[in-house]
Amino acid sequence: MFVARERELGQLETAYDAGGFQMAVVYGRRRVGKTALLRKFVSDKANALFFTARRTVAQENLEALSATLATRDAYPGEVYPGEAYPSSYVPATHPVYQSFSDAFSALFQRAQRERVILVIDEYPYLAESEPSVSSVLQALIDEYGGSSRLFLVLCGSSMSFMKEQVLGEESPLYGRRSLQMELRPFDAFDSARLLGTSDPILAVELYALVGGTPQYLRQLDASRGVEWNIANRLLGAGAYLSEEADNFLSQEVRSPAAYNAIIAAIADGCVRPQEISDRTRIRPPLVQQYLARLEKLALVKRVTPVVGAKKRQVRYEIADNLFRFRYRFGTKYAAAIDAGMGDMVAREIVRGELSSFVGPIFEEVARQWLVRRMASGALDMIPQSVGTWWGTDPRTKRQEEIDVVVKGAHQLLLGECKWRDSPVDSSVVGTLRRRATLLDDGGRLRLYLFSKSGFEEECVQRARAAGIERLVTVREMFDERRR
């Protein structure tokens, strides 16, 4: 099932409709849905060729590319006049080009006569097998770009390769792209669409377990509830998600043990580079290198306060929810899981620790909801930065945090989030007002409260009197009419 990605499909369609030669660069981490997006894009278009490179030698990729170019739609009508072939037909004796230069030259020449799409999926594998391929494409783009109607899409999962060796200034292809798109995981709302659930609490909980990576979401069964999914999809022996975090790291980095130690340290509360170094015994310069790599893989993120950040106010958080789950619970319950006690562990997590695990993700969902409303025009604010804030109250010398901070040009939106089974009481109103004074710079101040289970009546009355703009429940956030 294909859901969401309306904006990305629209960008591809706009570039396609522009005519002439176009080169789109699409990249994003593995399992995020790049191939599904591109197949959806080409599904209704004639003369669309889809080539998936493999991690193999250049000759095998050349033969596979030649076969792709030999599909029925790859031949002008005069080659096989009057013949009707299925769209996937490859002639028994299709030509194998002598070189990638010959193959792509033939494609560019054909695209002088008609509109042709070529998607090269896993382009880094092709470039790994034939390092000159980017230079070959550069030369052909420069030669035929003015007359060709080729729509070329280069797609890849290696974030560093796509950014540095396709889009970077040192790349032969630098400056040739007409569209670049980093595909990111779904937010909680599109994740709920893919899960097919109308239960907002379950949607947030399942999103908290695996995040918005489509391939991960497809492993879950929203009809079964969170405890069943933890037991059978995240802790079950042989389950795809139970080994995915380890498999992902082993595919992406050369020293998984060091990266494992760093992620485990962050999960255990060591959020600053020096703290991570102290815990892991990895030298600080190497810790910084590992953290930079994990950021590129979108597994960790560097966080600073949205407003008034000081030089040392930096901390690292695990950015991928599946990794958060794995490093929060996988090690802790490893012996029980190995003993086949996944059902018991899942019950223990749901009854004792799930609420505190989901809480920070609910804050993220609240920020996503606000940005969606701003983008739709339902909330009259243009965000300049979105995140959180922490710092010291100079009056009490205590550390304070604000869950939701959205900074605009002349206004500041602040919010508190409570993920608990009981309605929020009135004390949170005073807490939010007090913390808001720490950031009040004289501009417009907008205050929000977010709750899993609603608000006590006294809280509603105090919030109204205190000028809090809105009290929002998770059910309202997922109500289509209110987004």
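The figures follow:
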| read-out | value |
| --- | --- |
| Residues that are open to solvent by 50 Å² or more (accessible area, probe 1.4 Å) and either touching a strand residue (DSSP E or B) at 6+ places or on another chain (Cβ under 8 Å) or in a helix (DSSP H, G or I) (or both), drawn from segment 219-235 | 227, 228, 232, 233 |
| Of all residues in segment 30-51 being among the basic types (Lys, Arg) and out of contact with any Pro (no Cβ under 8 Å at 6 or more places or on another chain), the one that is farthest from residue 111 (Cα to Cα) | 30 |
| Of all residues in segment 11-42 being assigned to a loop (DSSP other than H, G, I, E, B) and in contact with a helix residue (DSSP H, G or I) (Cβ under 8 Å, 6 or more places away or on another chain), the one that is surrounded by the most Cβ atoms within 10 Å (Cβ to Cβ) | 33 |
| Test: residue in segment 238-249 that is open to solvent by 20 Å² or more (accessible area, probe 1.4 Å), more than 22 Å from residue 156 (Cβ to Cβ), modelled with pLDDT of 95 or more and assigned to a helix (DSSP H, G or I) | no |
| Listing of strands (runs of 3 or more DSSP E) fully contained in segment 328-419 that carry 1 or more residues being surrounded by fewer than 18 Cβ atoms within 10 Å (Cβ to Cβ) and among the acidic types (Asp, Glu) | 399-407 |
| Top-ranked residue of segment 250-270 - restricted to ones that are over 12 Å from residue 299 (Cβ atoms) and in a loop (DSSP other than H, G, I, E, B), ranked as least open to solvent (accessible area, probe 1.4 Å) | 270 |
| Selection count, segment 426-468, where residues are open to solvent by 20 Å² or more (accessible area, probe 1.4 Å), out of contact with any His (no Cβ under 7 Å at 6 or more places or on another chain) and either part of a helix (DSSP H, G or I) or within 18 Å of residue 306 (Cβ to Cβ) (or both) | 19 |
| Pairs, first closer than 18 Å to residue 22 by Cα and hydroxyl-bearing (Ser, Thr, Tyr) in segment 146-169, second open to solvent by 10 Å² or more (accessible area, probe 1.4 Å) and assigned to a loop (DSSP other than H, G, I, E, B), C-beta under 6 Å, six or more apart | 147/112; 148/21; 148/112 |
| Segment 198-236, residues that are modelled with pLDDT under 95 and hydroxyl-bearing (Ser, Thr, Tyr) | 198 |
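The values are calculated or read from the model by the stated rules, or taken from the named source; none is laboratory data. None of these values were measured; they are calculated from a predicted model. Note that we place each Cβ from the backbone using ideal geometry, even for glycine, and neighbour counts take in every protein chain shown. Quick note on the areas: whole protein, heavy atoms, side chains included, nothing else; ligands and nucleic acids left out. Shrake-Rupley method; radii C 1.70, N 1.55, O 1.52, S 1.80 Å.
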